[in-house]
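A short write-up of the structure that comes next.
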Amino acid sequence: MKVSPKVSIFLSVILLMLLSACNNSSQPNTNSNGQQPIKFGVSLSLTGDSSADGQATKQGYEVWQDYVNSHGGLLGRQVQMDIIDDGTKTEQAHTNYEKLISIDHVNFVVGPFNDPFTVTGAEVAARHGYAFLEGIGTSPSTFKQGLKNLFAVSLSATAYLSSFDNFLLSQPAQIRPKTVAYVTSDDPFTQPQIDTAKAKLENGGIKTVFYKVFPAETTDYNPIAQQLIASNPDVVVIGSVGLSDSAPFLQYFKQQHFNPKLIIATAGPDQGQAFIKAMNGATDGLLVPNDGWFPSVKNYQNDAFIPAYLKKYGGAPGDIASDSVQSFSTGQVLAQAITQAKSLDNAAVMNVLRTGTFQSLQGPVKFAADGQNSIATPFLFQWQNVSQQQNGKTVTAQTLIPVYPPQQAQANVEYPKPKWS
């Protein structure tokens, strides 16, 4: 007998409820004043295809939890993140959010990694009257679901590549690239970025010589990369979900000594040390869009976030993944809304979210009626070798730095990009 996905999810939730009922000895920790902590639940892809991004998202939430608790908590109570692995399966994310709300009785739920998981979680939350604040699900389709409980703190996907487009179109005619090749996952976050950029660049006179949409479940990227190389473009734009699909293209380009003037990937190069490792150090000149954060930015609580993150996870500021920034930002905005509402009631908090303006690591946040952040700013980042003085010696390290728009740039765009090292 074949069981439908909906029935399977229902049975999973019932099983979780029975197991929970048999385990009444597991009680949450209490504060020193005897009050239970404010609980925040999230389903994350800690295993499976999106595990690198899921783990980075988890780190951001955990740093936020530690920071809030070290500064007196919220409304006089400590906070507690309840994190469950969904194995990069949307059905499991559905089950997880049902469990978090119906069984664990968390006070609030926050967003996972990736858009389909965001929509799934927000739909569950809406049925229970919960707000759903998140930082990573920003594709156009996410905002077309009529979810009045959805609030995205980050830049919307369609605007991600706008700084890249503006840079290319601002170049003098004699050096402006003539052709672009595009490859993109059919993921609802990545493809809208590519399609928006393609239309804008074509309208500006830059010709498309290759355009390919590949299924999200693709595992062999080499045939697509071969076709792209054969089109001999000046610029390559990769619509990637993360390291899992950006690194194979970039590794193949390196192996084939393919050196276009610029290469940008929508996700993956923003993963700090993990990206350096995946590329075996060959990162110089690679570009990635981002939504308002870099290590030295003067945004809200950034001076506290970076040392707290490095103390917990080590590394250097440039190694911090954008996923961690986005999840920390989610916690920041939700904390401000709870504080302003002076309540743990989700309806009261949503009223504050709909009308207020907030601050985050990524800059100011104000929500439009569909949940988009209407005042977020796009940035363009590039991996460059940056020299610094350490203990009287000059040390050069690969660093991801903002290069556009000019008023926020720490260096000029390396154009053309250096050849593969």
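Every number here is computed from the coordinates shown, using simple stated rules; none is lab data. In this text the structure is predicted, and so the values were computed from the model without any measurement. As a convention, Cβ positions derive from the backbone with ideal geometry for all residues, glycine included, and neighbour counts pool all protein chains shown.
General observations
- Fully extended contour minus Cα-Cα distance, from LYS212 to THR396, at 0.36 nm per residue: 62.5 nm
- In the chain the Cα-Cα distances spread across 20 Å bins starting at 0 as 26, 55, 18, 1 percent of all pairs.
- Bridgeable lysines around LYS99 (alpha carbons under 25 Å apart, same-chain partners fewer than 8 residues away excluded): LYS2, LYS6, LYS39, LYS58, LYS89, LYS148.
- Gaussian network model of the chain, Cα within-10 Å springs - most flexible of ASN203, ASN232, ASN299: ASN203
- Selection from ASN232, ALA278, GLN251 lying farthest towards where the dipole of region 196-284 points positive, charges on Cβ: ASN232
- Shape category assigned to region 166-242 from the gyration tensor of Cα positions, a/c cut at 1.5: oblate
- Peptides 116-128, 362-374, 248-260 ranked from most to least packed give 116-128, 362-374, 248-260, packing being the mean of other C-beta atoms within 10 angstrom over each peptide's residues.
- Exposure proxy ranking, count of Cβ atoms within 10 Å, fewest first, for VAL352, VAL288: VAL352, VAL288
- Gyration tensor verdict on region 38-137 (Cα atoms; rounded if a/c is under 1.5, prolate if a/b is larger than b/c, oblate otherwise): oblate
- For TYR313, net neighbour charge (Lys/Arg +1, Asp/Glu -1) across residues whose Cβ lies under 14 Å away: -1
- In degrees, nearest ten, helix 243-255 long axis to first principal axis of the chain (Cα): 20
- The angle separating the long axis of helix 51-70 from the principal Cα axis of greatest extent in the chain is about 50 degrees.
- Relative exposure of TYR97, TYR300, judged by other C-beta atoms within 10 Å (fewest first): TYR300, TYR97
- Neighbourhood net charge (13 Å Cβ-Cβ; Lys/Arg +1, Asp/Glu -1) for ARG77: +2
- Taking the C-alpha atoms only, the angle from helix 190-203 to the longest principal axis of the chain is near 40 degrees.
- By the count of other C-beta atoms within 10 Å, a proxy for reagent exposure, SER170, SER185 are ordered fewest to most as SER170, SER185.
- Under 5 Å from the amide H of LEU74 lie the amide H atoms of VAL79, each residue being 5 or more positions distant or on a separate chain, with H modelled from the backbone and absent for Pro and chain starts.
- Centroid-to-centroid, using Cα positions, region 318-395 and region 40-67 are 16 Å apart.
- Rounded to the nearest 20 debye, the dipole magnitude of the chain is 560 debye, with +1 charges on Lys and Arg beta carbons, -1 on Asp and Glu beta carbons, and the Cα centre as origin.
- Considering only ILE263, PRO112, SER387, the residue lying farthest towards the positive end of the dipole of the chain is SER387, judged by Cα position with unit charges set on Cβ.
- With the charge dipole of the chain set up from +1 on Lys and Arg Cβ and -1 on Asp and Glu Cβ about the Cα centre, the Cα lying farthest toward the positive end among the listed residues SER296, VAL325, SER343 is that of SER296.
- Site pair GLN226 and THR355 shows an inter-label distance of 6.2 nm when each label is modelled 7 Å from Cα along Cα→Cβ.
- Estimated FRET transfer efficiency when R0 is 56 angstrom, pair GLN174-GLN389 (beta carbons, to 0.05): 0.90
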